[in-house]
């Protein structure tokens, strides 16, 4: 029997705003399947976003949802999580939202290793505003604000997350949708800050300006470009040029999680007070 | 009988927050407001509350809104540049109607300005700082005891009207130590947000059919709803180019406008028979009170109007004052900001004279007395 997505989608809120050929719908469905598989209680899930195409996702799902200001999803989410540490807090963000305007919040959330799941929808462009280059736009690509080709250098989001202290880092793509379910599930189950970079396609503002003839071409590019990390690591350097690893790229258990540490302190103070009384 | 303490203004603010039931603070170190954070960093973990030092001022404001949505009475404190940085998210809280309290211990500006000196030049930013039309409640205590009680009141107004409330005092009052009495629990009223009683399936987070302040559900309590900084319908979901936007923004303004009688608070000192009025708040209000006493000692009938609520502006009270006096003196630690409001409400009925100072020192009673004599 086909999976019943409607049970997690708010009545009357579709169609979504995403363009034909956009791959966000694939990720959207993956998230819903994972929530179902993990048997998360909808009342216990908050989904927080900033601004951009990906950030519209929370409006469609039947959780506690918070659509905030550009780049600020993580500090809003941090407030929710610290107040209610036993709840699931998921952040959906775009490449610009998470790593440009929200870059400082991103690295500090990773550093704190607070138990929040961050899904970064990387479509390599500012889509909602019409195709300006982002911190992940590949060098040389055309964007409305890089009309002569992107002269800027791009971020490697998983490396950034790992370097900043996230204890779970993964990369998936909209093409490899089945694998994506596993990555998102593992990210949610991981105790600590988990980042999943999800490679997406924006045919409207990125693809058509950069020699992708169709949305399908962009998916096929993902298929060719992203290689399972285990296989990637065995390849000689000349075969990895222009390719990237995907899957769980970094995972470390036993790193202190911020809420746990904080409430541990609260308990310690409580015991000290009782000891004195 | 409460507890007697010797506290500085910033500490009294923290105590006021705790009295009001604040269990969540997020901030960022900045002079001259840092003691609010330091005090709560010690106290909040002791009562199972949350203290967070965030990566920047913007994040602190965001975390406060998150904390409030999860059901905590939430506070942040800042100064000068930090207050500028918080503006966008303050607008978010105003539009999404999330209660929270923002303390601005004012220093000199613009830019880094005079971090260790007092200022009152953020007062228009308190009113108009974030983009778009928005309701604002801003309180201006001048004494340590008053900072305590006005902080309690700030939380109460915030919870009652589902809107951020700003407390703006200055470096001098923030750092000054005075004797204060912290009342026993139950002496001062403590207001909590009204929660919905309907079943979750019927809950509309912005339903204004039963009043201008809709009941507020906390996250994770079974009412799964949507909060967005986009203009939204009664169900919380975005609307574009709709007449609803206009009527809803009017409602947000009305939450404050229609309740001015409750929100506006002020002190009148020797004003009943005064020929010359002084309009002053915060540390300038303290100097003005001394100036009134000096003037009276010389037989000059001066009196003080000292607002504890600066926004919404006490329009009616200033209009009435302008009908009774020859002139109003407005001392402020800026190059002239709140004087525009006094002038607007006086409608030319009396003379208006400003005293401005931005060099990091307060305006002295002697300065004010000299101006009172000119106006008389």
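The rows are residues; the columns are (1) under 25 Å from residue B:112 (Cβ atoms); (2) in a helix (DSSP H, G or I); (3) in the same structural domain as residue B:166 (by TED's automatic domain parsing).
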| residue | (1), (2), (3) |
| --- | --- |
| B:322 | no, yes, no |
| B:328 | no, no, no |
| B:359 | yes, no, no |
| B:362 | yes, no, no |
Exercise for the section: From the list A:79, A:102, A:94, A:52, pick out the single residue that is more than 22 Å from residue A:175 (Cβ to Cβ), under 14 Å from the mean Cα position of the chain (by Cα) and crowded, with 23+ Cβ neighbours inside 10 Å. Expected result: A:102
Exercise for the section: Out of the residues in segment A:21-42 that are in contact with a helix residue (DSSP H, G or I) (Cβ under 9 Å, 6 or more places away or on another chain) and within 14 Å of chain B (Cβ to nearest Cβ), state the one that is surrounded by the most Cβ atoms within 10 Å (Cβ to Cβ). Expected result: A:35
Exercise for the section: Name the residue, out of A:114, A:51, that is in contact (Cβ under 8 Å) with a residue 12 or more places away in the chain and either more than 21 Å from residue B:23 (Cβ to Cβ) or in a strand (DSSP E or B) (or both). Expected result: A:51
Exercise for the section: Using the structure shown, decide if residue B:280 is in contact with a helix residue (DSSP H, G or I) (Cβ under 8 Å, 6 or more places away or on another chain), under 30 Å from residue B:9 (Cα atoms) and either buried (at least 19 other Cβ atoms within 10 Å of the Cβ) or at pLDDT 95 or above (or both). Expected result: yes
Problem - Filter pass, residue A:62 being at the interface with another protein chain (Cβ under 9 Å from one of its Cβ atoms), surrounded by fewer than 24 Cβ atoms within 10 Å (Cβ to Cβ) and either in contact with a helix residue (DSSP H, G or I) (Cβ under 7 Å, 6 or more places away or on another chain) or at pLDDT below 95 (or both) - result: yes
Practice task
Quickly run through segment A:66-95 and pick out the residues that are assigned to a helix (DSSP H, G or I), within 7 Å of chain B (Cβ to nearest Cβ) and free of Cβ contacts under 8 Å to residues at least 40 places away in the same chain.
Solution key: A:75, A:76, A:77, A:78, A:79, A:80, A:83
Practice task
Kindly indicate which of A:212, A:168 is crowded, with 18+ Cβ neighbours inside 10 Å and without any contact (Cβ under 8 Å) to a residue 24 or more places away in the chain.
Solution key: A:212
Practice task
Kindly indicate whether residue A:129 is modelled with pLDDT of 95 or more, within 29 Å of residue B:131 (Cα to Cα) and over 14 Å from the mean Cα position of the chain (by Cα).
Solution key: yes
Completion exercise
Residues of segment A:1-20 being more than 14 Å from every other protein chain (Cβ to nearest Cβ) and either buried (at least 18 other Cβ atoms within 10 Å of the Cβ) or touching a strand residue (DSSP E or B) at 6+ places or on another chain (Cβ under 9 Å) (or both), in sequence order, are A:18
Completion exercise
Picked from segment A:227-265 (must be part of a helix (DSSP H, G or I) and under 18 Å from residue A:191 (Cβ atoms)), the residue nearest to the other protein chains (Cβ to nearest Cβ) is A:265
Problem - Residue ranges of helices (runs of 4 or more DSSP H) in segment B:1-112 with at least 1 members more than 22 Å from residue B:173 (Cβ to Cβ) and in contact (Cβ under 8 Å) with a residue 60 or more places away in the chain - result: B:57-69, B:80-96
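Residue-by-condition table, conditions (1) touching a helix residue (DSSP H, G or I) at 6+ places or on another chain (Cβ under 8 Å); (2) within 8 Å of chain A (Cβ to nearest Cβ); (3) surrounded by fewer than 23 Cβ atoms within 10 Å (Cβ to Cβ):
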position	(1), (2), (3)
B:43	yes, no, yes
B:52	yes, yes, no
B:55	yes, yes, yes
B:59	yes, yes, no
B:72	yes, yes, no
B:82	yes, no, no
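The values are calculated or read from the model by the stated rules, or taken from the named source; none is laboratory data. Fair warning: this is a prediction, and the values are worked out from it, not measured in the lab. So basically every Cβ, Gly included, is an ideal-geometry build from the backbone, and we count neighbours across all protein chains shown.
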